[in-house]
Every structure is written in C-alpha cells, then in structure tokens.
Amino acid sequence: MKVTRLPDVEPGGSGRRVAIGTFDGVHLGHREVIRGADTVLTFDPHPMSVLRPEAAPPLIDTFAVKRDVIASLGIEELVVIPFDREFSSLEAEEFVARVLVEKLGAERVSVGENFRFDKRARGTPELLAASDAFETRIAPILEVDGEAVSSSRIRGLLTEGEVAPAARLLARPFTFEGEVVEGDKRGRGLGLPTANLVPDERYVCPAHGVYAAVVGERAAAVNVGVRPTFESGRGPLVEAHLIDFDGDLYGQELRVDFFERLRGEQRFDDIDALVEQMWRDVDQAREIAQRAANFSRR
C-alpha cells in the first residue's frame, strides 16, 4: 500500500474511490465505511489532539498499527492529512473542492453517517451527497449486541481488561506497540524473563492484570501493572514473557496482540507462590495462543 501525505499528492488524478475518517482502531464500523474503496483519507495527528487536546481520547492504535491494518484490507493508497489549525479552518465546501475533487479526483466518497468536518461541523454526509462531482456512499452505524460499534466503546472495554470482547469489535486482537526498555531484571532471576514496554499516555493500555497474548508468532504471557509483590515504586509496565524464547530484545519495537485476560494483578505473600502462579499463567497463555493460531489457519 502506498502512503502519501496530502500535500505530496499530485493533483489531476481521477477515479479514486475514497473512504474518509479518523479510523482509530479500524473497527467493524470503519471497515464498513472502507469497503469498496481503493483509497483511504485519514488524519494525523487526531483532530481532537489539535483542536481540544484536553479532551482528546487516548488512541487505540499508533499510526503504524493503523496503517498496517488498513493495508491488510487491500487498500491501494493511504492519504494522510497532516492535521493542524490551518487545515481545521478549511470550510466544508473548500474541503470538497480542493481536497476531494482537485487533489484526489474522487469519483466515489464513502463516510460513516456520523462523520463531520470543518470548524463548525457543517460538513456532513448530506453535504457530500449534494455534490455532483462524485457519488457519495453513507455507511450506517453498525451495531453489535444491540450497541453501536465505536472507538469509545472499544476504549472502555480495553480499560476494563475486556480484551476478548474488544477483539470482536475490532475484528482482530488489540495491538499494543512499544519499545523494549530495561526493567528490574527480576523475571530473568525467576526463570521468566520479560520484554518490558512503558505505556504511553497518548494510547490506550489494557487494565492491570495478566493476559494471554502473541508477540510476532510467539505465544506470550503478559503482565500489565505495577508488580505489587515487589513494591518497586516504578510506574506501570507491560511485561511480556515470550514463551520458549531466549534472546535480547532491548531497543526493539514490539507489537503485543492481546487475546484474553487470565486474571487480575495480585500481590503474593512469597516469591514461591508468585513463581508457581506465573508458570500456570504461561501454560494457560500457551494453550490460548495455540488455539487462536489453529483457528486463524482454518
């Protein structure tokens, strides 16, 4: 998939089928908007982080994860609007004329029914549909279990540790991405070394607890939290024990795919009890990851 910043798009093209949205999470509802498109038009950074940073939600995905999920849908080009205050001042009609028609040469535009743009939110699906320069497709809000599928609903599930229900709405496991940093090295001393990643407050992190996950193609048992048994005084970490792996991952970017929450984070009276539980977690995580791998191969 080609990734192009909007200013770098050569004007004068034609025939693009364009899906527009922030697409945080690229969830089931977003996929319905994207269906049938060959080009996705999105924003980076998220508009709320520019217009109302105090109210901006933590994002589900880093841009890199969002890009790769969109690419997996068979999209030919991802066009990224570098969103800033200057762009936010663009009137709805200017956006249609300058971006969709002149720059992208759109022949069809697809948006969700709740999509809004321009500084006064005057840009609506109905305004797009009124243009005779392109065909407009308006995707209805999708519901699962009687409730709308939305990025905010998924954020709520993740912050409660409900990674399996969130995966249903995402149509994939939730992916946490981060750089491996030095930890306390207690895991190695216990026979269970971990790759440690520091949560970034700009992005969603699952609730404290222990999870079955996959890192690359390797099953992992992952602890999210503050390690209460040791009272280290450090902030939250995402600690991933890659099962049957022995290697140096410091400085590498890892993606952790969360499949299921095994238990909450808890304090143990002694190290032996902790280690015993950790090995049970590893066995359970291995089984869940293997089950997920077998399912994905069907």
Looking only at segment 200-215, decide whether some residue is in the same structural domain as residue 269 (by TED's automatic domain parsing), at pLDDT below 95 and over 30 Å from residue 114 (Cβ atoms). no
The listed residue being in contact with a strand residue (DSSP E or B) (Cβ under 9 Å, 6 or more places away or on another chain) and closer than 19 Å to residue 250 by Cα, out of 169, 158, 192: 192
Tell me yes or no: at least one residue of segment 229-239 is modelled with pLDDT of 85 or more and in contact with a Ser or Thr (Cβ under 8 Å, 6 or more places away or on another chain). yes
Given 75, 20, 81, 70, which one is modelled with pLDDT of 95 or more and either of a type in the set (Ser, Thr, Tyr) or out of contact with any Leu (no Cβ under 8 Å at 6 or more places or on another chain) (or both)? 75
Pick from segment 63-74 the residues that are of a type outside the set (Val, Ile, Thr) and in contact (Cβ under 8 Å) with a residue 12 or more places away in the chain: which of them is surrounded by the fewest Cβ atoms within 10 Å (Cβ to Cβ)? 64
So which residues in segment 274-293 are within 29 Å of the chain's Cα centre (by Cα) and β-branched (Val, Ile, Thr)? 282, 288
Find the helices (runs of 4 or more DSSP H) located wholly in segment 75-194 whose residues include 3 or more that are in contact (Cβ under 8 Å) with a residue 40 or more places away in the chain and crowded, with 16+ Cβ neighbours inside 10 Å, and list them. 151-159, 163-170
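The values are calculated or read from the model by the stated rules, or taken from the named source; none is laboratory data. Being a predicted model, the structure only gives us computed values, none of them experimental. Every residue, glycine among them, receives a Cβ derived from its backbone with ideal geometry; neighbour counts consider all protein chains shown.
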